[in-house]
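The values are calculated or read from the model by the stated rules, or taken from the named source; none is laboratory data. Remember, it's a predicted structure, so these values are computed and weren't measured experimentally. Virtual Cβ from ideal backbone geometry, glycine too; neighbours counted across all protein chains shown.
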Amino acid sequence: MTKVLVATEKPFAQAAVDQIADIFKEAGFECTFFEKYNGQDELIAAVAETEAMIIRSDKVTPEVLNAAPNLKIVVRAGAGYDNVNLETAAKNNVVVMNTPGQNSNAVAELALGMMVYQARGHFNGKSGTELCCKKLGIHAYGNVGKLVAKIAKGFGMEVFAFDPFVEKADIEADGVTVFNTVEELYSTCDYISLHIPANEHTVKSINYDLLASMKPDATLVNTARKEVIDEDDMLKILEEKPGFSFVSDIPPVQREIMEEKYPERCFFTPKKMGAQTAEANINAGKAAANQIINFINKGDITFKVN
Ligand code: 3PG
């Protein structure tokens, strides 16, 4: 019996847990849920006999991988796999996969929800502003960016995008205006919604120059990764632009300073909430379970990222 560990410090919704358990039961796999654990040491101790893992933002470090001699596959139930050490995984012959698109709608809905929350002054009872007719810039037009565009159009926003990795014609087919440079996107729009991954090219890439080029009353919405923003530069911008807002689903390291100094212009969810819906958990969790079964039983490596 293949031993699967579902290691989720931030657990899936119960409906997703039940459906994942059923899928593995039917396939004859032994599945254990390891939820709300405390720190890496507990995770390291839990993987000793594991052959397959489902994770979310859980950190699969070299220590975790080296503590799991039987491990064959790790599936990140979600999009970003910057939390898995791909180098050690490859060295240990561990296949790493993600489940692209499965939780995108939840993240896209939250991005728009955060825009409304900021535009309405955190629901403080005073007059706010509307999203209708404002310019929205989508930075990276992947699964989430595409859905953000669709929902934003429903709000009557004018939608723009920058993504050098997606065919211009494919973005334009959605009625979205494409910019050829990131600078044009940032200097034109009232809202910027970030959907870039965290990697060696993007870490701290949202820097002073880019933020300084934004409109004085612009809002930056981050439902991607905190590492892509240069936080020192962000603090300078918040200081220099008294109308600038920053809302993020990934609390920045300097969260307390930002919240204390700019309570009306900053908002951060306490814990990453983008993919925290029953639907997203079910979609991503079931996809991950099926990918593990297909890999173990048939060698299917669709969605392998390493
Ligand atoms: C993702 O990369 O899929 C999202 O950031 C969701 O992460 P989570 O599963 O930790 O909520």
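The combined condition, being within 13 Å of the ligand (Cβ to nearest atom) and in contact with a His (Cβ under 6 Å, 6 or more places away or on another chain), is fulfilled by Ala224.
Considering the range 125-157, and only residues there that are free of Cβ contacts under 8 Å to residues at least 24 places away in the same chain and of a type in the set (S, T, N, Q), the residue that is farthest from Leu194 (Cα to Cα) turns out to be Ser127. Take the conditions crowded, with 18+ Cβ neighbours inside 10 Å, more than 11 Å from the ligand (Cβ to nearest atom) and either farther than 24 Å from Glu227 by Cβ or not assigned by TED's automatic domain parsing to the domain that holds Met115 (or both) and apply them to Ala278. Does it pass? No. The conditions of being without any contact (Cβ under 8 Å) to a residue 60 or more places away in the chain and not in a strand (DSSP E or B) are met by Asp41. Applying the selection to the range 51-99, what residues are part of a loop (DSSP other than H, G, I, E, B), touching a helix residue (DSSP H, G or I) at 6+ places or on another chain (Cβ under 6 Å) and within 13 Å of the ligand (Cβ to nearest atom)? Listed by number, the residues that qualify are Ala77, Gly78, Thr99. Taking the range 184-232 as the range and being aliphatic (A, V, I, L, M) and closer than 13 Å to Asp82 by Cα as the test, the residues that pass are Ile196, Ala198, Val203, Ala224, Val228. Of all the criteria given as (1) modelled with pLDDT of 95 or more; (2) within 16 Å of the ligand (Cβ to nearest atom); (3) surrounded by fewer than 17 Cβ atoms within 10 Å (Cβ to Cβ), the one not satisfied by Lys298 is (2).
Among the residues of the range 19-32, not a single one is within 16 Å of the ligand (Cβ to nearest atom) and free of Cβ contacts under 8 Å to residues at least 60 places away in the same chain.
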